[in-house]
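Here the structure comes first, spelled out in structure tokens, and everything after it is commentary.
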Amino acid sequence: YRDYPISLYQIQTKYRDEARPRAGLLRGREFVMKDSYSFDLDDAGLQASYDAHRGAYQRIFNRLGLDYRIAFAVSGAMGGSASEEFLAPAEHGEDTFVQCSNCDYTANTEAVEIRTPAPQDPSGQPASEVLDTPDTTTIETLVKALNERGVTAADTLKNVVLKTREPGGKWELLIVGVPGDREVDMKRLAGQLEPVEVEVADPDLIKTVPGLVPGYIGPQRLAEWQVRYLVDPTVVPGSSWVTGANESDKHAANVVRGRDFEPVGEIGAVEIRDGDRCGRCGGELSIARGIEIGHVFQLGKKYADAFSLDAQGPEGEPIRITMGSYGIGVSRAVAAV
């Protein structure tokens, strides 16, 4: 325990088995990387090591004269409790991030939190009703068919059928609900679900649940069919929707979260748009592109638990250490300069 904290670093040429280069030299198979790892006895020590690396990165990029942003990011396959990216704004950067016009909030689009409507009281909503909606397998055709009701795409609940697979596991169905005027951001979903794989479900897997009718899927019976159902946070408790009735050529109106269905959880799934509101202050968000030049992670005990990494305590007792991981893409920083 007297030897801690410990930080180890390396600067070396690294390789990855990319199918093809992407974003030019920003994501090639061969690149120069600076990595470091911190080892501490407790969470307070981890925070101190994290702050020290974060501050060192700021001094490095300041001395290089780089314009950069520090953005909240998802930990992804690395795991851990905290993650931040250093991004150099660039029109042709490989990364997308958002900035708030009112506060200093900056986040990768995979990690951004946008302001959502206030929850509603489900008991105040009218009863649901089934509507005849022949040949309306898309949001566009559904809105056109219900034009006389004043239904817009934003009033509909789109249920996207996906499949997920744990490492070494088998594919399982996942349905994600989003407002009908928004698209699902598969990269954003993948970033939050890693190391779990996620793809659009194929027809054969959908057929394993006989009640699922493509184009007319609603959330009302998914729990009964044991299909995992998540919603974007914009689908707030008590909100009312027009969605599939789980019958061919039929949709249901006034389908209410908390009364007619309840998801097993929430996940940020919608594509972020210019003008979305900041989850912190309500200011307007704008989308920009950048080059990821650095990334810092608080790994916690994820790898220490996996490898039984213990320090010897004052009385000889084992102390499970905490870890951090910190990287600068040297090649990327050169490109950014």
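Straight Cα distances below 13 angstrom link Lys207 to the aspartates and glutamates Glu172, with same-chain residues fewer than 8 positions distant left out.
Straight-distance candidates among the lysines for linking to Lys34, with alpha-carbon spacing under 23 Å and chain neighbours fewer than 8 residues away dropped: Lys14, Lys301, Lys302.
Straightening the chain between Glu113 and Arg149 buys 9.7 nm, computed as 0.36 nm per residue apart minus the Cα-Cα spacing.
Near the amide H of Thr106, within less than 5 Å, lie the amide hydrogens of Phe72, all on another chain or at least 5 residues away, with H placed in the peptide plane. Given H placed on each backbone N at 1.01 Å, which residues far from Gly294 in sequence or on other chains put an amide H within less than 5 Å of it? Amide H neighbours of Gly294: Phe86, Gly329. Between Trp171 and Tyr1, residue separation times 0.36 nm minus the direct Cα-Cα distance comes to 56.8 nm. Amide H to amide H, with H built 1.01 Å from N, Glu183 comes under 5 Å of Glu271, counting only residues 5 or more places away or on other chains. Mean residue ellipticity, 222 nm, helices only, the chain: the sum of -39500 (n - 2.57) across DSSP H runs of n ≥ 4, divided by residue count and rounded to 500, is -4500 deg cm²/dmol.
Given the Cα atoms of the chain, and with Rh set as the inverse mean 1/r over their pairs in the Kirkwood sense, what is Rg to Rh to two decimals? Computed over Cα atoms, the ratio is 1.04. Farthest towards the positive end of the charge dipole of the chain, among the residues Pro21, Thr96, Thr109, is the Cα of Pro21, using unit charges on the Cβ of Lys, Arg, Asp and Glu. Look at the Cα gyration tensor of the range 223-337: its axes a ≥ b ≥ c give a/c of at least 1.5 with a/b at or below b/c, and that counts as oblate. Relative to a virtual label point 7 Å from the Cα of Gln220 in the Cα→beta-carbon direction, which members of the range 125-154 show backbone nitrogen distances below 12 Å? Only 127-132 fall inside the zone, counting backbone N under 12 Å. With the simple model of a label 7 Å out from the Cα in the direction of the Cβ, Leu309 to Gln12 spans 1.6 nm.
Axis of helix 43-63 versus longest Cα principal axis of the chain: the two differ by about 80°, to the nearest ten degrees.
Read the figures in this text as sums done on the coordinates, not as results from a lab. All of these numbers come straight from a predicted model, not from anything done at the bench. Cβ: placed from backbone, ideal geometry, glycine included. Neighbour counts: every protein chain shown.
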